[in-house]
Protein chains: 2
Amino acid sequence: MLVHLSRNLLSKSIQHVFKALSNNSTGVLSGLYIYAGSKEVVFSGSNASLTVQHRACITDNNKIHIVKQGSIVCPAKYLYEIIRKLNDGNVVLEVNEQLILSITSGNTRVCLSGMSPIDHPFIPTTYHQYTGKSIDVSSSLLKSLIKQVAGAVSTSEAKPILTGVSLEVQGNQLTMIATDGVIRMASRSIYIENERGFFGSAVIPGVNLMEIVKLLDDEGDGMVTIQLSHHEIRFITQNHIIESVLIEGLYPSTRNLVPTTYVSEIILNVKSFRQVIDRVFVLADHHLITIHVSEKGLELISSTSEIGDVRDELLLEDKNGENFSISINGKYLISTLRCIESDNIRIRYAGTKSPLVLLPASDNSTWLFLLTPVMTKDKR
Amino acid sequence: MLVHLSRNLLSKSIQHVFKALSNNSTGVLSGLYIYAGSKEVVFSGSNASLTVQHRACITDNNKIHIVKQGSIVCPAKYLYEIIRKLNDGNVVLEVNEQLILSITSGNTRVCLSGMSPIDHPFIPTTYHQYTGKSIDVSSSLLKSLIKQVAGAVSTSEAKPILTGVSLEVQGNQLTMIATDGVIRMASRSIYIENERGFFGSAVIPGVNLMEIVKLLDDEGDGMVTIQLSHHEIRFITQNHIIESVLIEGLYPSTRNLVPTTYVSEIILNVKSFRQVIDRVFVLADHHLITIHVSEKGLELISSTSEIGDVRDELLLEDKNGENFSISINGKYLISTLRCIESDNIRIRYAGTKSPLVLLPASDNSTWLFLLTPVMTKDKR
């Protein structure tokens, strides 16, 4: 391999894929893969569960001169740090027969011991022109969808399937569902304009989806092609391919979890509710916040023994039905409220033993969040 | 105590002193002290070694209404978080006879269990008008002085005196010296325009001085009055008093450490030197960087076994004397170069067993840094 390219392009390309690497990886997965083809240089990093691949194509903006094709895997952390600290200008990457990558830039000459890339996962770059069974979603909509749902996955490995997010495509509708099986459930459906024969379902590790949100942030707006195989799901953009493994097994049905009736419904301003909850949470021992709903509004109370307590109030935008009191886990409520994009939220109460249902106040949205109340002593 | 004041003023005041508190403190030192006098509200935090006190005076800009004087110590972490999360507007602080601090702001009502402030260190606010034996130094000069010297203290508790910075005033000259007793020594003298009978010396904990730099950053530019007692040193600004304990004992003489002759002297551009050292440091196993000085310039080499090596070069601005090679601890050199304000640096070499002497290239500056070379196998 012998490639000339600019320090900026090299540095950005490495940054994109460096995030996918795990500190704990050993062997070929501890390295960053570089492949020089005829018209592009491809960078790839993987932690076995998530593989991120970035290609730098030869264009008018990207001055890349590929003298000799080839590939290598080299120590990611050192490569990343060295390239970051090079002065701006031209960089020459050369791999010799002993698998040594030499990096030359100005007066700087670096030699890094490489590894054979044979066992490193490599995703064919032809996927960038993928036209098979797939759906196209705008990057911003996909990020919003993931953020609103993936926070509700279980963090316990007791039921691995619940650490994943269920993705389902039926006709023009894409639905994501996540639940920890006990306290939280989140779901949202979006309308897909362009579906090319894609159908079926998959369970994607929640942690991978959260990484994908960060990786899509790097890419800017645009369309993302989602493509599903038996064992992987791929998110393909102009210059990125992100591939995640799937969690095997049947995702439990969540339809019966949603209460079909309710005894009270309130509408709240999201921003004000978030501020009040943030404040009350400071003194919420075990994250416990008690909420009283009456004609006067919403009263929130929390306390930590031997430290103190806090009470706060919030006006309701609207209320239908009975007054009620409920204790909830403030931490989960805060993380949910952070992902809400609408101005107002609708909360439905169906009794002390039923989960609260959180919905956007506007009827046409398809997002839904369930939060099971905490049973406190006075309610038993 | 009954005080009305704005959320912004309260929040800023608490932020100033919150930094002095230690997470490990118990009892009265785990709390934040609030004192309402006739014309000011004073906030104080302490970790026993460092006490930081901020006063908010009644002025046209600071709308404070002190209805009833008094004081309390209350749980710092909770107070800080709650005040930070209050909406802007008026806040009422009230302490009742049971030592409960109630905080009221809009619809928010917080009760925090307080402690009696009897054992909390309190520095009389009359020090703000201190006119006794003291020196005045501009805040920016003092910060620069501390940054350039305090990094050289020892981090080992084996010799406690070396974890401190020696401060000495003789006539119109203030000198700070720090050394780890083995590898590094830093010293700098500054000229004091206004000394009011201050003389003598003290050893101040290096960690406290580094905190003081951060605290002075909050205050903006201005003059700092330094005042020395038998057991404490005080740094006094318009609204801050920062008090540090002193380390007891005699600071060792460092005068004999500085080589009086040298066999070679080079002058380097600080910015370029810093960039090259940063780069070479990436592969510097045990922080070891080897430097070769010749007519061609400065060559720097480092390596990590089984990973790789890096070589870099830098032109010299000037050179007098012999060529030489030396191995140094790159970490110490990087932290030293970060604090240098002049464009060029002068480095003197007096043999493989003598420390390198780093000086500003301009002759009239009084900063000096010693860096003892690392003895590598080839030199034994």
So, residue A:127, is that one hydroxyl-bearing (Ser, Thr, Tyr), away from every other protein chain (no Cβ under 12 Å) and in a helix (DSSP H, G or I) or not?
yes
Scan the stretch A:343-350 and tell me whether some residue there is crowded, with 18+ Cβ neighbours inside 10 Å and of a type in the set (Ser, Thr, Tyr).
yes
Does residue A:237 count as hydroxyl-bearing (Ser, Thr, Tyr) and closer than 26 Å to residue A:353 by Cα?
no
Residues located in the stretch B:76-123, provided they are assigned to a strand (DSSP E or B), in contact with a helix residue (DSSP H, G or I) (Cβ under 7 Å, 6 or more places away or on another chain) and either under 27 Å from residue B:22 (Cα atoms) or without any contact (Cβ under 8 Å) to a residue 40 or more places away in the chain (or both):
B:91, B:103, B:108, B:110, B:112, B:115
Say we look at the stretch A:276-288 and pick out the residues that are surrounded by fewer than 18 Cβ atoms within 10 Å (Cβ to Cβ) and away from chain B (no Cβ under 13 Å); which of these is farthest from residue A:343 (Cα to Cα)?
A:286
Which residues, counting only those in the stretch B:27-44, are within 18 Å of residue B:113 (Cβ to Cβ), under 25 Å from the mean Cα position of the chain (by Cα) and of a type outside the set (A, V, I, L, M)?
B:30, B:31, B:33
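So, of the residues in the stretch B:191-235 that are among the small types (Gly, Ala, Ser) and surrounded by 20 or more Cβ atoms within 10 Å (Cβ to Cβ), which turns out to be farthest from the chain's Cα centre (by Cα)?
Start the filter on the stretch B:191-235 by keeping residues that are among the small types (Gly, Ala, Ser), which leaves B:197, B:200-202, B:206, B:220, B:222, B:229.
Next, from what is left, pick out any that are surrounded by 20 or more Cβ atoms within 10 Å (Cβ to Cβ): B:202, B:206.
Working: B:202: 16, B:206: 7 Å.
Only one residue tops the list, namely B:202.
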I'd like the residue in the stretch B:46-90 that is charged (D, E, K, R) and within 14 Å of chain A (Cβ to nearest Cβ) and, out of all such residues, is surrounded by the most Cβ atoms within 10 Å (Cβ to Cβ).
B:85
The stretch B:299-313 - residue that is surrounded by fewer than 21 Cβ atoms within 10 Å (Cβ to Cβ) and of a type outside the set (S, T, N, Q) and, of those, modelled with the lowest pLDDT
B:306
Single residue of the stretch A:95-117 satisfying the filter (of a type outside the set (A, V, I, L, M), more than 7 Å from chain B (Cβ to nearest Cβ) and over 22 Å from residue A:61 (Cα atoms)) that is surrounded by the fewest Cβ atoms within 10 Å (Cβ to Cβ)
A:97
Considering every residue within the stretch B:247-256, establish whether at least one is in contact (Cβ under 8 Å) with a residue 40 or more places away in the chain, closer than 30 Å to residue B:322 by Cα and either crowded, with 17+ Cβ neighbours inside 10 Å or β-branched (Val, Ile, Thr) (or both).
yes
Of (1) touching a residue at least 40 places away in the same chain (Cβ under 8 Å); (2) more than 14 Å from chain A (Cβ to nearest Cβ); (3) part of a helix (DSSP H, G or I); (4) not small (Gly, Ala, Ser), residue B:319 satisfies all except one. Which?
(3)
Restricting to the stretch B:119-142, what's the tally of residues that are modelled with pLDDT of 90 or more and surrounded by fewer than 19 Cβ atoms within 10 Å (Cβ to Cβ)?
5
Going by the conditions given, is residue B:240 more than 9 Å from chain A (Cβ to nearest Cβ) and either surrounded by fewer than 18 Cβ atoms within 10 Å (Cβ to Cβ) or within 30 Å of residue A:114 (Cα to Cα) (or both)?
no
Of everything in the stretch B:289-311, what is more than 33 Å from the chain's Cα centre (by Cα), within 11 Å of chain A (Cβ to nearest Cβ) and either over 19 Å from residue A:114 (Cβ atoms) or of a type in the set (Asp, Glu) (or both)? Give them in sequence order.
B:296, B:297, B:299, B:306, B:309
Of a type in the set (Ser, Thr, Tyr), touching a strand residue (DSSP E or B) at 6+ places or on another chain (Cβ under 9 Å), within 11 Å of another protein chain (Cβ to nearest Cβ) and closer than 19 Å to residue A:375 by Cα: is that true of residue A:272 in this structure?
no
Given the conditions (1) buried (at least 20 other Cβ atoms within 10 Å of the Cβ); (2) at pLDDT below 95; (3) over 17 Å from residue B:217 (Cα atoms), and given that residue B:156 satisfies all but one, which numbered condition is not satisfied?
(1)
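Matching residues to (1) hydroxyl-bearing (Ser, Thr, Tyr); (2) in the same structural domain as residue B:187 (by TED's automatic domain parsing); (3) at pLDDT 95 or above; (4) in contact with a Lys or Arg (Cβ under 7 Å, 6 or more places away or on another chain):
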position: B:266; (1), (2), (3), (4): no, no, yes, yes
position: B:270; (1), (2), (3), (4): no, no, yes, no
position: B:290; (1), (2), (3), (4): yes, no, yes, no
position: B:327; (1), (2), (3), (4): yes, no, yes, no
position: B:341; (1), (2), (3), (4): no, no, no, no
position: B:370; (1), (2), (3), (4): no, no, yes, yes
Give B:169, B:153, B:182 a once-over and let me know the one that is out of contact with any strand residue (DSSP E or B) (no Cβ under 6 Å at 6 or more places or on another chain) and assigned to a loop (DSSP other than H, G, I, E, B).
B:182
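The values are calculated or read from the model by the stated rules, or taken from the named source; none is laboratory data. Because the structure is a prediction, the values reported are computed rather than measured. Cβ coordinates were reconstructed from backbone atoms using ideal geometry, including for glycine residues, and neighbour counts include every protein chain displayed.
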